[in-house]
Amino acid sequence: MSELIEISKGQTKNILLLNKSVDLLVNQYDDSQLNLHVFCLDDSSAEINIQVRQLGRGCSAKINALVLACGKQEVGIHTNVVHEVGDGISEQLLKFVLADESKGNFRGDLKIAKDAQKVSARQTNRNIVLSDKAKMRTMPQLEIYADDVKASHGASTGQLDEQALFYMQQRGLSVGTARKLLLKAFASEVMEQLDVAEHDSIEQLIEQRLARMAI
Amino acid sequence: MLEIKNLHASINGKEILKGVNLSVHAGEVHAIMGPNGAGKSTLSAVLTGNPAYEVTSGEVWFKGKNLLEMPPEQRAREGIFLSFQYPVEIPGVSMVNFMRAAVNEKRAYEGKEPLSATEFLKYMREKKSIVELDNKLTNRSVNEGFSGGEKKRNEIFQMAMLQPSLSILDETDSGLDIDSLRIVAEGVNKLKTPQTASIVITHYQRLLDYIVPDFVHVLADGQIVKTGDKTLALELEKHGYEMVVKQ
């Protein structure tokens, strides 16, 4: 059973999920805002299910996720965002860094119902795979039934920029330090969205995690 | 300082350097000129340990140590600096953090304490003035959105920060307007000491009006085919590379 969260008219809900599996259903009513952050920064495998239903007009939903996985860890994130009515916004940014033999899985369902005009929906999934044995699977699924909407999605999986790594090594940085700086830069886009109050403690966790991963 | 002996190197199985010999001593400036595709940039890549290139035979000794056995970062910490022909943009990594990591890793290698944040910023301010680098640029991500001239100035700024004993300037003049060229060249000259040496790789004589070489070498088809003093560069400018390549 999903845990149900209802955000009533005009309300804002900030949710921070750290290192755990969850199954959430969020119902949004008129002009409400959801800011959801997901961080997987320890060794535990996790399954994260997030359903967001915009049932009222003028809602905004932001979903940001950062997964730093290593060892044999497996992290799956499934988002399912449904715009039932118009004038809504949804922005999703999900980033995975996979080291060792870890596995990442992202499935992103996005539905815009037939009469949900003027919706703006964006889904972005960016992943970095640090070893040959790590695997990322990504599956965006868009169902758009309205005609006057802005919807975009992008997914990419790659490695760290070899040229940037060499440039940094040429300045005397060890490969580990160079990787760490590049990965921190990769993570920073997710961090930018985070409230100041939580920013520092999460950043510390990221530092510790990267010190282990970026060897 | 640097001894290159019969160096052969290839990329993707294609041989580019076909037996390069070169000695560089402290205090010297060597210019390496030559037509496109002669192997000029390959030489700088091989000396700095770029993994895209494979050394197939030959030796390189730097201050009495076997350079080819060292990973790129160790070569850098030993004092080899490359001013890249195409400096790499690194979004999200600030110039300040990048340089602080570089300076402190070098200091650690030399057994020195890291600079404190205050010391580091003071040090950086001093060095920025050498190439008249705008304050705004050091607050940005490495090379991101820099103009061509700013990128090259930034290379020389990094050189000033790291104080290498051997600096290799790979086509530092390409894409520079005359003012940037002068600033960059003056920066290089200010950093010159009797203990340092430079290898200036260039296609044109223009840069050598500012950075005056002790030796000019012509690299053609993977080998140094002619060596002379600075007047050789003027001759090449007048007659083209055919005059040496055809011999």
Longest principal axis of chain A (C-alpha) makes with the long axis of helix A:175-191 (C-alpha) an angle, in degrees to the nearest 10, of 10
Once the dipole of the protein assembly as shown is set up from charges on Cβ (+1 Lys and Arg, -1 Asp and Glu), the residue from the list A:GLY88, A:VAL26, B:ALA220 lying farthest towards its positive end is B:ALA220
Within segment B:158-247, pairs of Lys residues whose Cα atoms are less than 23 angstrom apart, provided they are eight or more positions apart or on distinct chains, add up to 7
Long-range alpha-carbon pairs in chain B, meaning those over 25 Å apart, account in percent for 42
Computed over all unlike Cα pairs, the Kirkwood hydrodynamic radius of segment B:1-77 in Å stands at 12.8
In whole Å, largest first, the alpha carbons of segment A:1-96 cover along the principal axes 44, 25, 19
Averaged over the residues of A:160-167, the number of partner chain Cβ atoms within 10 Å of each residue's own Cβ comes to 6
Along segment B:117-133, Karplus-curve 3J(HN,Hα) (6.51, -1.76, 1.60; θ = phi - 60°) to the nearest Hz, with x for Gly and Pro, reads 4, 5, 4, 4, 5, 5, 4, 5, 4, 4, 6, 4, 5, 4, 10, 6, 7
Hull surface over four for the Cα convex hull of chain A, reported in nm², is 12.0
Between the Cα axis of helix A:196-213 and the main Cα principal axis of chain A, the angle (0 to 90°, nearest 10) is 40
Looking only at lysines whose Cα falls under 16 Å of A:LYS150's and that sit 8 or more positions away or on another chain, we get A:LYS62, A:LYS111, A:LYS114, A:LYS118
Here the whole-number average of other chain Cβ atoms within 10 Å per Cβ of B:86-94 is 6
Given unit charges at Cβ for Lys, Arg (+) and Asp, Glu (-), the dipole magnitude of the protein assembly as shown about its Cα centre in debye, nearest 20, is 500
In vacuo Debye sum over C-alpha of segment A:101-161, base-10 log of normalised intensity I(q)/I(0) at q = 0.24, 0.30 Å⁻¹, listed in q order, is -0.92, -1.22
Mean separation of Cα contacts under 8 Å (at least 6 apart) over the residue count of chain B, i.e. the relative contact order in percent, is 28
Of the residues B:ALA9, B:ASN66, B:GLY79, the Cα lying farthest along the dipole of chain B towards its positive end, which is defined by charges on the beta carbon of Lys, Arg, Asp and Glu, belongs to B:GLY79
Among the Cα-Cα pairs of the protein assembly as shown, the proportion with separation greater than 38 Å, in percent, is 39
antiparallel share of DSSP beta bridges within chain B, to nearest 5, in %, is 60
Relative contact order of segment B:1-147 (C-alpha contacts under 8 Å, at least 6 apart) in percent is 22
Length gained if A:HIS153 through A:GLU207 is fully extended, taking 0.36 nm per residue and subtracting the Cα-Cα distance, is 16.5 nm
Segment B:53-96: spread of alpha-carbon positions along the three principal axes, whole Å, largest first, is 38, 21, 16
Among B:GLY240, B:ALA38, B:PHE98, the residue whose Cα sits farthest towards the positive end of the charge dipole of chain B, when +1 is placed on the Cβ of each Lys and Arg and -1 on the Cβ of each Asp and Glu, is B:PHE98
Taking Cα pairs closer than 8 Å and at least 6 residues apart, the relative contact order of segment A:24-182 in percent is 18
About its Cα centre, segment B:1-111 carries a charge dipole, from +1 on Lys and Arg Cβ atoms and -1 on Asp and Glu Cβ atoms, whose size in debye to the nearest 20 is 100
Reduced to Cα centres, the span from segment B:1-34 to segment A:1-75 in Å works out to 58
At 20 °C in a medium of viscosity 1.002 mPa s, segment B:125-247 has a Stokes-Einstein diffusion coefficient, with Rh taken as the Kirkwood radius over alpha carbon pairs, in µm² per second, of 137
Treating only Lys and Arg (+1) and Asp and Glu (-1) as charged, each at its beta carbon, one finds that segment B:91-247 has a dipole about its Cα centre, in Debye to the nearest 20, of 480
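Here, each number is a calculation from the coordinates, and none is a lab measurement. This is a predicted model, so every value here is computed, not measured. All Cβ positions, even for glycine, are placed from backbone atoms using ideal geometry, and neighbour counts span all protein chains on display.
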